[in-house]
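Enquirer: The structure that follows is given in the form of C-alpha cells.
Quick note: the coordinates plus some simple rules give every number you see, no bench work behind them. Values in this document were obtained by computation on a predicted structure and should not be read as measured data. Cβ placement follows ideal geometry from the backbone for every residue including glycine, while neighbour counts extend to all protein chains displayed.
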C-alpha cells in the first residue's frame, strides 16, 4: 500500500515526513521506540532526563546507528539553570521534614520494601552540574532536536542555534508559552489537561487555539488526549500544525513498558487516568495505583518537586526492580492521558503512525460528516 502524504509546516521545521512528534516520556521512551518512530516518519524522542551523561551519550549513538532520520532528546529543565546552582541531592534532602521521613518508613513497611534497599539512581536530574552535563552531551552530539519537557531552554538557546539544533518547548497556558517565544524556540507544544504525564490544568480543546494565536508565527503542536487521526485533524482545525503524542505509543513493543502495564492501559476507562502528585510532587496524569491512592487520600499531602520524588525514590525504584512480582508490578508508574478507551490494542510504532495518518487523510479528503450542513 502506498504511503499517504500529510505535510504541514511542522514537517519543514523538523525535517520529518509526518507532523507527529512522539513525546519524551522519560523512563518509557528509549532508543528502540525513538528509532521506530523516526523510521516511520514521525519525530522519535528519547526521555533523556532519566539518563546519566555517559548512558545518554551511548543512547544517542545507538539511535544514530538505527536511523539516519531526525530525532529529539527531551530533558527536564528549570526556568533558569541559575536556580539550581550549588544544589546537591543531599542538600535537597535537608529540606524534607522529619515527619515525612517517618511516614516514608511506614509506607515501606506497608508495601513490603526492605529497610536496607536504597535506590541507586544517579544524581544528574537533581543538580545544576548534572543537568548541564546532560545538556552538554546533547550539544556535543549536535542532536537534531532538543526538547524541554519541563522548564525553559533560554539559557542554552545560543548554543543550540550555533550548532543548528532545533528546539521544542512545552506550554500549558499562554503565559508559559510566551516565555518560550522570548527564548525563540522553533516549536511550541500546547499541552492540555487531558495529557498523560506532567500536565497543566486547561483542557486541550481550549488551550490549543489560545496558544496558537498568542505565539504566531511559531508553529504549534497540540498535545493531550490525542491518539488517532481524528485527534490529529482536530489539532489542525484548532490552529496547530501537528501533534505531540505519548500515550498512544505505550502499547507498542518498542516502548519500555511491561506487558502488565499494557494490559492495565487497555482495560482502563477515561476515569482511571487520574491527576496525582504521588510520584514527583508535580501534577501528573497516570493510571491509579494502590500507591497513588495512599498519597492522594492522605493523611499527608505530597511534597513539592523535587522533594517528594527524593523522599519516595526507594519505594518507586524497588517496585521497578521487582516488577516480575504482581504486588510490585501493580505499583508501577503508568502514565496515560484521558484517551484511554482509544488505547485498546497492541500495535507497532509504525502501525500506530500509519493508522493515524491514514485516518487523518481520509477525514480531510471526505470533509465534514453528512450530518453537518451549511450554506
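Enquirer: Of the residues 47, 149, 298, which exhibits the maximal mean-square fluctuation in a Gaussian network model of the chain defined by a 10 Å Cα contact cut-off?
Expert: Comparing 47, 149, 298 in the GNM, the peak value goes to 298.
Enquirer: Of the candidates 20, 294, 165, which one comes out as most mobile in a Gaussian network treatment of the chain with C-alpha springs shorter than 10 Å?
Expert: Per the Cα network of the chain with a 10 Å cutoff, 294 tops the list.
Enquirer: Separation of region 44-77 and region 198-263 by C-alpha centroid, Å?
Expert: If we compute the Cα centre of each part, the gap is 21 Å.
Enquirer: When the chain is modelled as a GNM with alpha-carbon springs shorter than 10 Å, which of 12, 98, 354 fluctuates the most?
Expert: Of 12, 98, 354, the most mobile in the Gaussian network model is 98.
Enquirer: Run through the DSSP bridge list for the chain and note the antiparallel percent, rounded to the nearest 5.
Expert: Taking every DSSP beta bridge with both residues in the chain, the antiparallel ones total about 20 percent.
Enquirer: Given contacts defined as C-alpha pairs under 8 Å and at least six residues apart, what's the relative contact order of the chain, whole-number percent?
Expert: Once divided by the residue count of the chain, the mean separation gives 18 percent.
Enquirer: If each of residue 103 and residue 355 carries a label point 7 Å out from its Cα toward its Cβ, how far apart are those two points in nm?
Expert: Between residue 103 and residue 355, the simple spin-label model gives 4.1 nm.
Enquirer: Now for a separate question. Taking 30 Å as R0, compute the FRET efficiency from the Cβ-Cβ separation of residue 296 and residue 206 and round it to 0.05.
Expert: Step by step, r from the Cβ atoms, then E = 0.75.
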